[in-house]
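Scroll down for the structure; my scribbles are underneath it.
The values are calculated or read from the model by the stated rules, or taken from the named source; none is laboratory data. Since this is a predicted model, take the numbers as computed values, not measurements. With ideal geometry, Cβ positions are generated from the backbone for all residues, glycine too; neighbour counts draw on all protein chains shown.
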Amino acid sequence: MIGGWIDRLGAIWVEGQITQLSRRPGAGVVFLTLRDPSHDISIGVTCYRQVFDAVADVVSEGARVVVHAKPEWYAPRGQLSLRAVAIKPVGIGELLARLEQLKRSLASEGLFALDRKKPLPFLPHLVGLVCGRASAAERDVLENARRRWPAVRFEVRNVAVQGVKAVPQVVQAVKELDAHEDVDVIIVARGGGSVEDLLPFSDEQLVRVVAECRTPVVSAIGHEPDSPLLDLVADLRASTPTDAAKKVVPDVGEELDRVRGLRDRALRTVRGLLEREERGLAHALARPVMEHPQRMVEVREDELAALLARSRRVLGHLLDRADSELSHTRARVRALSPAATMERGYAVLQRADGAVVRSPEEVAEGEELRARVAEGEFAVRRVADPA
């Protein structure tokens, strides 16, 4: 009868603190115990996994929640429980839930993507600083930065860092510094505080303004555990304002040590190179050809003399053989020459036109002829035959 009466009840809202939480892997149902600290009363609550997953990022054991649930009666044990259809965090939990939802929305737009991050300059000439007036954050940034690099300059914008005026003033300061041509990097700094105090640095408007900045932005909000949305959209997140000064400005002492180390390393490298080249040169000079370079000339001189003598002998043999062949040829030519025949007493008769007389019939009686002998020529005339 109790179970039937409870089944007819409608859904109710119950506020309490989660004291036990059971999320079994693979199970579709989540079990938790809700306790009312004021009256020391606890009740079991069950819900489907998708109901709890909606607030799983901000709800854990010890969190205060409001549960929209329907009462259920388990007769075998005589136990009353609640089946939740909605769970909402209260107080800080509700605030964190809204921030988590905004975080997922901005992340889906790619505002937190790593490829959007801009690198910081090695040595900024002018640093923009957005902070509270006369705050510890301002003092930490200025003192630590100037201690590391005394010549660094700052363009400071003092703004409200909490309350209703914080967001518009911080946004305006960031825009002014981003439009400043000489500002190389912007630091947004604030000391620690409660979640409510740091809410302005999770504002959607501020996040979008920082995402659109052309100048690199460093977020230095609160302490190490604090993580406003500005940390995610900034180009660099510093755990504290002091850490921001260390990351933005190089240490002059460290850089001088690095320069000295590089100079010494370069000097050692050059010396090593020179020593290696000197050893190579000494090794090359120690070779016989370098110690007595004239020896190579002497060897080549002997070879050249031998080649010259050989060429002369060959040329002499060739000339002698050619001369012998020429003498033989000349002797043969002389033997076959008509002049040699005439030297033996013969003569050649030619007519007036130069034709050689070969037969008596070719010459008419009384015709004048020219007789050529070895020593010259003379004229003759054919006379009549005595017969």
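One residue is enough: does segment 115-136 have a residue meeting the conditions out of contact with any strand residue (DSSP E or B) (no Cβ under 9 Å at 6 or more places or on another chain), assigned by TED's automatic domain parsing to the domain that holds L34 and loosely packed, with under 15 Cβ neighbours inside 10 Å? Within segment 115-136, none of the residues are out of contact with any strand residue (DSSP E or B) (no Cβ under 9 Å at 6 or more places or on another chain), assigned by TED's automatic domain parsing to the domain that holds L34 and loosely packed, with under 15 Cβ neighbours inside 10 Å. Could you go through segment 276-289 and let me know if any residue there is outside any helix (DSSP H, G or I), among the small types (G, A, S), surrounded by 10 or more Cβ atoms within 10 Å (Cβ to Cβ) and out of contact with any strand residue (DSSP E or B) (no Cβ under 6 Å at 6 or more places or on another chain). Taking every residue of segment 276-289 in turn, none turns out to be outside any helix (DSSP H, G or I), among the small types (G, A, S), surrounded by 10 or more Cβ atoms within 10 Å (Cβ to Cβ) and out of contact with any strand residue (DSSP E or B) (no Cβ under 6 Å at 6 or more places or on another chain). Taken as a whole, the structure places V59 among residues that are crowded, with 16+ Cβ neighbours inside 10 Å and modelled with pLDDT under 90. Scanning segment 108-133 for residues that are free of Cβ contacts under 8 Å to residues at least 12 places away in the same chain and either within 30 Å of V66 (Cβ to Cβ) or part of a loop (DSSP other than H, G, I, E, B) (or both) gives S108, E109, G110, A113. Taking each residue of segment 351-366 that is closer than 12 Å to V380 by Cα and looking for partners that are exposed (fewer than 10 other Cβ atoms within 10 Å of the Cβ) with beta-carbon atoms closer than 9 Å, six or more apart or interchain, yields E365/V383; E365/A384; E365/D385; G366/V383; G366/A384.
Tell me the residue from L232, L199 that is aliphatic (A, V, I, L, M), surrounded by fewer than 22 Cβ atoms within 10 Å (Cβ to Cβ), at pLDDT below 95 and in contact with a Ser or Thr (Cβ under 9 Å, 6 or more places away or on another chain), please.
Residue meeting the stated conditions: L232.
Residues are listed down the side, and each one gets a yes or a no for (1) touching a residue at least 40 places away in the same chain (Cβ under 8 Å); (2) surrounded by 15 or more Cβ atoms within 10 Å (Cβ to Cβ); (3) more than 21 Å from Q101 (Cβ to Cβ):
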position: W5; (1), (2), (3): no, no, yes
position: T19; (1), (2), (3): yes, no, yes
position: P25; (1), (2), (3): no, no, yes
position: L34; (1), (2), (3): yes, yes, yes
position: Y48; (1), (2), (3): no, no, no
position: V66; (1), (2), (3): yes, yes, no
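For segment 160-167, the count of residues that are modelled with pLDDT of 90 or more and either small (G, A, S) or under 39 Å from the mean Cα position of the chain (by Cα) (or both) is nonzero.
Just one of the listed residues (L319, L307, L369) is in a strand (DSSP E or B) and of a type in the set (A, V, I, L, M, F, W, C), and it is L369. Taking segment 68-90 as the range and being free of Cβ contacts under 8 Å to residues at least 40 places away in the same chain and either crowded, with 16+ Cβ neighbours inside 10 Å or touching a Ser or Thr at 6+ places or on another chain (Cβ under 9 Å) (or both) as the test, the residues that pass are Y74, S81, R83, A84, K88, P89.
Residues of segment 145-172 being more than 30 Å from D251 (Cβ to Cβ) and not in a loop (DSSP other than H, G, I, E, B), which ones? Correct list: A166, V167, P168, Q169, V171, Q172.
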